[in-house]
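Peer 1: Please find one structure pasted underneath; my questions will follow.
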Amino acid sequence: MRLTHLFFLLYFFCLFNCKQRKPELTKIEGRQIQITDTLQSDSEIEAYIKPYRDHIKKDLDSVLAYAANTFSKSDGKLNTAIGNYMADAIYDEANPVFKSRTDHDIDMVLLNHGGIRSVLSKGPVTKRTAFELMPFENSIVVVAMKGKQVDSLIHYLCHGMRAHPISKLKLVIDDNKRIVEAKIKGQDIKADNTYYVATNDYLYKGGDRMNFFKTNDSLYVLDYKVRNALIDNFKKIDTINPVIDDRFIQIK
């Protein structure tokens with residue numbers, strides 16, 4: 001056999017085997033690179049990013065309103081000034097959107113205590129403030145609920161004894177957590193009535209064990225983030241000075 005023929009056969013068998021054999025991962029190696037001040041920044045990248053960074057900082061730190069005091073979600077037992085402000089702001093900003101699309105008004109608002117992620121500090125209020133209060137991408141939804149379902153919502157609030165932000169809902173309970181008064185917009189809750197409850201998508205999906213939202217007549221997605229509603233509300237008011245009131249109280 002000629003040498004050229006032998007070379008051709010060897011090449012053929014090698015090529016054939018390579019096509020038949022699938023590549024296999026045999027080893028993975030890795031190492032940790034510490035991100036510290038010792039790492040030098042790239043001047044070209046920094047120069048490219050700087051205008052965008054400066055623009056974002058300017059936008060986030062532009063003063064929109066003023067907070068008269070420092071407000072914390074731990075200030076009250078069943079309702080807090082900051083929670084009341086946030087729930088009322090969601091109602092004020094979301095209701096016109098909802099009404100324009102459905103010709104209905106929102107009847108009440110329910111948010112969650114844990115969703116307030118920062119204090120509202122005394123002094124200038126900016127877009128950054130809204131990101132600190134609500135760093136999540138939660139959006140506002142409106143759930144159509146019968147009065148019987150709203151009863152489950154009220155039962156949750158009365159037995160949980162936590163200052164979940166509410167608006168347009170009035171609750172009074174006694175020492176044994178029995179309901180003394182429960183009204184929406186000053187009216188008794190009727191079992192067969194439909195109530196439009198604004199909340200966020202996290203709670204609608206059962207967050208914080210708010211499973212009462214799962215059985216509902218209809219869901220309306222507003223495509224409106226909670227954070228953006230707060231920013232829009234900041235722009236409309238000069239001074240933020242909410243109070244702890246009687247929207248949810250316990251009496252002896």
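The values are calculated or read from the model by the stated rules, or taken from the named source; none is laboratory data. These numbers come from a predicted model, not from an experiment. Neighbour counts run over all protein chains shown; Cβ positions are idealised from the backbone, glycine included. Areas reflect the complete protein model, heavy atoms only, side chains present, ligands, DNA and RNA absent. Shrake-Rupley method; radii C 1.70, N 1.55, O 1.52, S 1.80 Å.
Peer 1: Quick check on residue 77: is it over 25 Å from residue 191 (Cα atoms) and touching a helix residue (DSSP H, G or I) at 6+ places or on another chain (Cβ under 7 Å)?
Peer 2: No: the conditions fail for residue 77.
Peer 1: Does the range 66-75 hold any residues that are crowded, with 18+ Cβ neighbours inside 10 Å and either more than 16 Å from residue 122 (Cα to Cα) or in contact with a Ser or Thr (Cβ under 7 Å, 6 or more places away or on another chain) (or both), and which are they?
Peer 2: Passing the criteria: 67, 73.
Peer 1: Let me ask something additional. Can you find a residue in the range 58-69 that is touching a Leu at 6+ places or on another chain (Cβ under 8 Å) and over 21 Å from residue 160 (Cα atoms)?
Peer 2: So in the range 58-69, the residues touching a Leu at 6+ places or on another chain (Cβ under 8 Å) come out as 67.
The next check asks that each one be over 21 Å from residue 160 (Cα atoms); those that pass are 67.
Yes, some residue in the range 58-69 is touching a Leu at 6+ places or on another chain (Cβ under 8 Å) and over 21 Å from residue 160 (Cα atoms).
Peer 1: If only one of 183, 190, 252 is surrounded by fewer than 16 Cβ atoms within 10 Å (Cβ to Cβ) and either in a strand (DSSP E or B) or within 24 Å of the chain's Cα centre (by Cα) (or both), which one is it?
Peer 2: On the way: 190 fails: either in a strand (DSSP E or B) or within 24 Å of the chain's Cα centre (by Cα) (or both); 252 fails: either in a strand (DSSP E or B) or within 24 Å of the chain's Cα centre (by Cα) (or both).
One residue alone meets the criteria, 183.
Peer 1: Report every pair of residues separated by at least 6 positions or lying on different chains whose Cβ atoms are under 6 Å apart, first residue within the range 85-104 and among the polar types (S, T, N, Q) and assigned to a helix (DSSP H, G or I), second modelled with pLDDT of 95 or more and buried (at least 22 other Cβ atoms within 10 Å of the Cβ).
Peer 2: From residues that are among the polar types (S, T, N, Q) and assigned to a helix (DSSP H, G or I), the pairs are 95/106.
Peer 1: Can you tell me which condition residue 109 does not meet? The list is (1) open to solvent by less than 50 Å² (accessible area, probe 1.4 Å); (2) in a helix (DSSP H, G or I); (3) of a type outside the set (S, T, N, Q); (4) under 20 Å from residue 241 (Cα atoms), and all the others hold.
Peer 2: Only one criterion in (1) open to solvent by less than 50 Å² (accessible area, probe 1.4 Å); (2) in a helix (DSSP H, G or I); (3) of a type outside the set (S, T, N, Q); (4) under 20 Å from residue 241 (Cα atoms) is unmet by residue 109, namely (2).
Peer 1: Could you give me the residue pairs with C-beta distances under 6 Å whose first residue belongs to the range 220-239 and is closer than 17 Å to residue 61 by Cβ, whose second residue is open to solvent by 30 Å² or more (accessible area, probe 1.4 Å) wherever it lies, and which are 6+ apart or on separate chains?
Peer 2: Close Cβ pairs satisfying both conditions: 231/127; 234/64; 235/64.
Peer 1: Taking into account only those residues within the range 23-65 that are open to solvent by less than 90 Å² (accessible area, probe 1.4 Å) and part of a strand (DSSP E or B), which is nearest to residue 81 (Cα to Cα)?
Peer 2: 65
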